[in-house]
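I have placed the structure first, in the form of structure tokens, so that the comments after it can refer back to it.
Derivation of every value follows stated rules applied to the coordinates shown; laboratory data play no part. This is a predicted model, so every value here is computed, not measured. When we count neighbours, we look across all protein chains shown, and the Cβ atoms used for this are built from the backbone with ideal geometry, even at glycine.
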Amino acid sequence: MSLAPSQYTMNISSNQEGPFKEALDRLPSQGVFQHSLVTYRYHSGQLIKETIVRTYSSNGDYTDGIKSEPIGKGSAV
């Protein structure tokens, strides 16, 4: 029986490489327009949505950018 992706978890300590780092290291760039990574974090009691974007040009070069958006107050889990 296989698990759906949303049901699969793996606990890896912060000093070990895991599937997330492996996936980031293997991201393809050929034929890709853009990659993005979204992180939600609390800063001074405010929930912040941080989006990191890498946009590729046709010559293989790329531009990185970051955008931070305040979402509102919330409670940390």
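Looking across the stretch 39-64, the residues that are within 24 Å of Ala23 (Cβ to Cβ), surrounded by 11 or more Cβ atoms within 10 Å (Cβ to Cβ) and of a type outside the set (Phe, Trp, Tyr) come down to Arg41, Ile48, Lys49, Glu50, Thr51, Ile52, Val53, Arg54, Thr55.
Considering the stretch 25-77, the qualifying strands (runs of 3 or more DSSP E), each wholly inside and each with 2 or more residues that are small (Gly, Ala, Ser), run over 62-73.
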